[in-house]
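Peer 1: Take a look at this one; I'll ask things after.
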Amino acid sequence: MAAPNIVGVATITGKTAVAANIATSPAAATLTNAAASDDVYKVNAILISNIASPAADTTVSVFLRRGGADYYIVNSIDVPQKSTLDVLNKPLYLEEGDALWLEAGAANALDAVISYEVITD
């Protein structure tokens, strides 16, 4: 099943995923909807905070990996020192087998918080 019918939902469970010190190349999967989960994930927010010490500007890339292909949501966007980037302005759905990947431009500089809902029919 690719995704449940969200009109006939049985449960919606609110979740938060976190990633401390987002990896530099290679990128790391931060939120994965398993291939046979029978769920769809509704991603409501992706917040990236620059926590670099000493303070420094850096970049972030966020992409959706589906079937081995990468689809960038943001690519090498600046996250100024001591600030937070709100990546999404509308929800994003992760179907079975989809994953959100994050990659920082500098080591130990960025944290991420992802708010999402697991929808099951």
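The values are calculated or read from the model by the stated rules, or taken from the named source; none is laboratory data. Here the structure is a predicted model, which means the values were calculated and not measured. Note that each Cβ is placed from the backbone with ideal geometry, even for glycine, and that neighbours are counted across all protein chains shown. These accessible areas exclude ligands, DNA and RNA; they are computed on the full protein's heavy atoms, side chains included. Shrake-Rupley method; radii C 1.70, N 1.55, O 1.52, S 1.80 Å.
Peer 1: Points 7 angstrom from Cα along the Cβ direction at Ala35 and Tyr72: gap in nanometres?
Peer 2: It is 2.8 nm.
Peer 1: Considering only DSSP states other than H, G, I, E and B, which trypsin sites (Lys or Arg not before Pro) in the range 1-102 qualify as loop sites with at most 15 other Cβ atoms within 10 Å?
Peer 2: Lys82
Peer 1: Using the Karplus curve 6.51 cos²θ - 1.76 cosθ + 1.60 with θ = phi - 60°, what ³J(HN,Hα) values do you get for each residue of the range 100-107, in whole Hz, with x for Gly and Pro?
Peer 2: Residue by residue, the range 100-107 yields 9, 10, 10, 8, 9, x, 9, 5 Hz.
Peer 1: Per residue, how much accessible surface does the range 1-104 expose to a 1.4 Å probe? Answer in Å², no decimals. Please report the intermediate quantities before stating the final value.
Peer 2: Numbers: 5710 Å² over 104 residues.
In whole numbers, the range 1-104 has 55 Å² accessible per residue.
Peer 1: Still on this model: Averaging over every viewing direction, what projected area does the convex hull of the Cα atoms of the chain cover, in nm²?
Peer 2: Numbers: hull surface 28.3 nm².
Reported value for the Cα convex hull: 7.1 nm².
Peer 1: Hey, in the GNM for the chain with a 10 angstrom Cα cutoff, which one of Thr58, Thr24, Thr13 fluctuates hardest?
Peer 2: Greatest mean-square fluctuation among the candidates belongs to Thr13.
Peer 1: Just to check I understand the Karplus step: with θ = phi - 60° and J = 6.51 cos²θ - 1.76 cosθ + 1.60, what whole-Hz values come out for the range 79-92, glycine and proline as x?
Peer 2: 10, x, 3, 6, 9, 10, 9, 9, 6, 9, 10, 8, x, 10
Peer 1: So what are the ³J(HN,Hα) numbers for the range 8-19, from phi and the Karplus equation (6.51, -1.76, 1.60; θ = phi - 60°), rounded to whole Hz, Gly and Pro as x?
Peer 2: Per residue, the Karplus-derived 3J(HN,Hα) values read x, 6, 8, 9, 10, 10, x, 9, 9, 9, 10, 9 Hz.
Peer 1: Something else now. Report, to the nearest whole %, how much of the accessible area of the chain belongs to carbon and sulfur atoms, 1.4 Å probe, protein only. Show your work: numbers first, answer last.
Peer 2: Working: 3220 of 6350 Å².
Summing carbon and sulfur atoms, their accessible area is 51 percent of the total for the chain.
Peer 1: With r as the distance between the Cβ atoms of Ser25 and Val118 and R0 = 30 Å, compute the FRET efficiency 1/(1 + (r/R0)^6) and round to 0.05. Present the calculation step by step, with values, prior to reporting the outcome.
Peer 2: Details: r = 30 Å, r/R0 = 0.99.
Efficiency at R0 = 30 Å is approximately 0.50.
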